[in-house]
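Just below is one structure, and these are the notes that go with it.
We did not get these values from a lab; they are worked out from the coordinates using the rules stated. All values reported here derive from a predicted model rather than from experimental measurement. Here the Cβ is made from the backbone with ideal geometry for all residues, glycine too, and neighbour counts use every protein chain on show.
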Amino acid sequence: MTTATLLLWALALGMGLVARRRGDDSLREGVRAGLHTLRRTLLLMVVAFVIVGYVEVLAPQALVQDWIGPGSGWRGLVVAEAVGWILPGGPYVAFPLIATLYRAGAGLGPILAMITSWLMLGLISVGFELPFMGWRFTAIRWGMGVAMPLAVGGLAQWLLG
Amino acid sequence: MLPRSHRVDATLLALLCVALALAGLAWRQGGMERVQEGLERGGALLLWVAPLLLAAFLVAGFVQVLVSPHWVERWLGAGSGWRGILLACIGGALIPGGPYAYYPVAAVLLRSGASLGVLVAFVVAKNLYSGLRIPLEVALLGPRLTLLRLMLTLWIPPLMGFLAELLFGARVQAIRKAMGP
């Protein structure tokens with residue numbers, strides 16, 4: 001995880017330099033926007049990590065491995081995709097939960113299917129899509145997307161076995 | 001639609017209920033000791049990713065300031081065919097903000113004559129490539145899973161845009177009508 005930390009801090013510093021060279025308020029605005037998001041989601045994240053802690057302590061590893069483990073095949077992909085639809089909250093909640101399931105013995109294929117499913121089919125974002133885009137657009141976009149997490153998970157299992 | 005602050009409150013409340021239920025489960029399994037174990041485990045994990053999260057939020061803030069939505073809109077509105085779909089994919093990756101920020105942009109584009117394929121590619125690209133979410137994904141899932149996920153989903157937005165245009169592109173008027181006034 002230290003590579004990721006270094007990478008992100010390098011990125012943040014680089015972008016901070018670009019913002020500074022603009023000579024306007026961009027640097028201060030960027031820091032302010034980032035800290036504002038952090039403040040708004042801090043409580044959510046603390047609770048999310050409490051949940052993650054409990055899931056990790058209580059994790060029925062046998063259950064996770066049985067349903068979405070490396071040998072769970074197509075059934076595991078379908079279950080993982082369905083979990084992705086209903087995973088709660090923003091990335092600060094969903095990503096730690098998915099990481100916990102991965103540590104508890106879920107397979108690479110089902111985990112990638114779950115991430116893909118949550119990103120493009122999550123029912124929470126459909127709540128935003130419907131009022132803005134109408135039901136026909138939402139039905140086409142969501143309906144066509146249903147096959148994609150299975151394809152991603154299947155591809156991962158086939159390529160990385 | 002609920003305002004943003006209410007949505008967060010509802011999410012927080014739901015999560016609190018889940019946390020409490022899990023704590024109850026832990027208590028039944030092993031008393032206060034087990035309850036404390038879960039809390040300590042969660043706290044340790046949060047401390048472990050805290051420096052990553054701070055950097056991720058700073059990156060998100062800078063993208064928000066440095067990329068203007070008007071710029072993205074100009075490049076998306078003009079295109080059609082494969083060029084439009086590929087531009088939509090890039091635009092979806094670059095446009096900052098949550099669903100309350102990009103769905104209004106997408107709706108304006110669809111109403112003002114952009115094709116169905118362009119909009120499907122735009123929304124799916126935002127979902128899958130969003131430059132703002134990737135730092136968080138790296139922080140919370142690790143670089144290996146994130147890289148694999150990106151590589152394996154790279155083909156989805158252009159393909160879905162192309163297929164949507166091919167299958168339903170002719171009915172774009174009915175789709176616009178379903179958007180309401």
Exercise. Work from the charge dipole of the protein assembly as shown (Cβ charges, +1 for Lys and Arg, -1 for Asp and Glu, about the Cα centre) and give the residue of B:G92, B:A60, A:V47 farthest towards its positive end.
Key: B:G92
Exercise. Please list A:135-141, A:114-120 highest first by mean number of surrounding beta-carbon atoms within 10 Å per residue.
Key: A:114-120, A:135-141
Quiz item: At q = 0.10, 0.14 Å⁻¹, what is the log10 ratio I(q)/I(0) for the protein assembly as shown, with the Debye formula run over Cα points and no solvent?
Solution: -0.62, -1.20
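Which shape class applies to the range A:1-42: rounded if a/c is under 1.5, otherwise prolate when a/b exceeds b/c and oblate if not, where a ≥ b ≥ c are the square roots of the Cα gyration tensor eigenvalues?
Values: a/c = 5.55, a/b = 1.18, b/c = 4.70.
In terms of gyration-tensor shape, oblate.
Multiply the residue gap between B:W27 and B:W48 by 0.36 nm, knock off their C-alpha separation, and tell me the result in nm, one decimal place.
Numbers: separation 21, 0.36 × 21 = 7.56 nm, distance 2.55 nm.
The B:W27-B:W48 span can extend by a further 5.0 nm.
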Practice problem: Work out the mean other chain Cβ neighbour count within 10 Å for the residues of A:93-104 and drop it here as an integer. | Solution: 4
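Sort the following peptides by mean Cβ neighbour count (other Cβ atoms within 10 Å, averaged over residues), highest first: A:13-25, A:90-102, A:71-83. All intermediate terms of the calculation are to be shown ahead of the outcome.
Numbers: A:13-25: 13.2, A:90-102: 22.8, A:71-83: 18.2.
Result, highest mean Cβ count within 10 Å first: A:90-102, A:71-83, A:13-25.
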Quiz item: Roughly how crowded by other chains is peptide B:145-151, in terms of the mean Cβ count from those chains within 10 Å of each of its Cβ atoms?
Solution: 4
Quiz item: What is the Cα centroid distance between the range A:1-48 and the range B:160-176, reported in whole angstrom?
Solution: 38
Quiz item: Hey, could you pull the Cα Rg and Dmax for chain A, both in Å?
Solution: 18.9, 57
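At a threshold of 8 angstrom on Cα-Cα distance, excluding pairs fewer than six apart, so keeping six or more, what relative contact order does chain A reach in percent?
Computed over chain A, the figure is 21 percent.
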Exercise. Find which of A:T37, A:A19, A:W118 sits farthest along the positive direction of the dipole of chain A, computed with +1 on the beta-carbon of Lys and Arg, -1 on that of Asp and Glu, about the Cα centre.
Key: A:A19
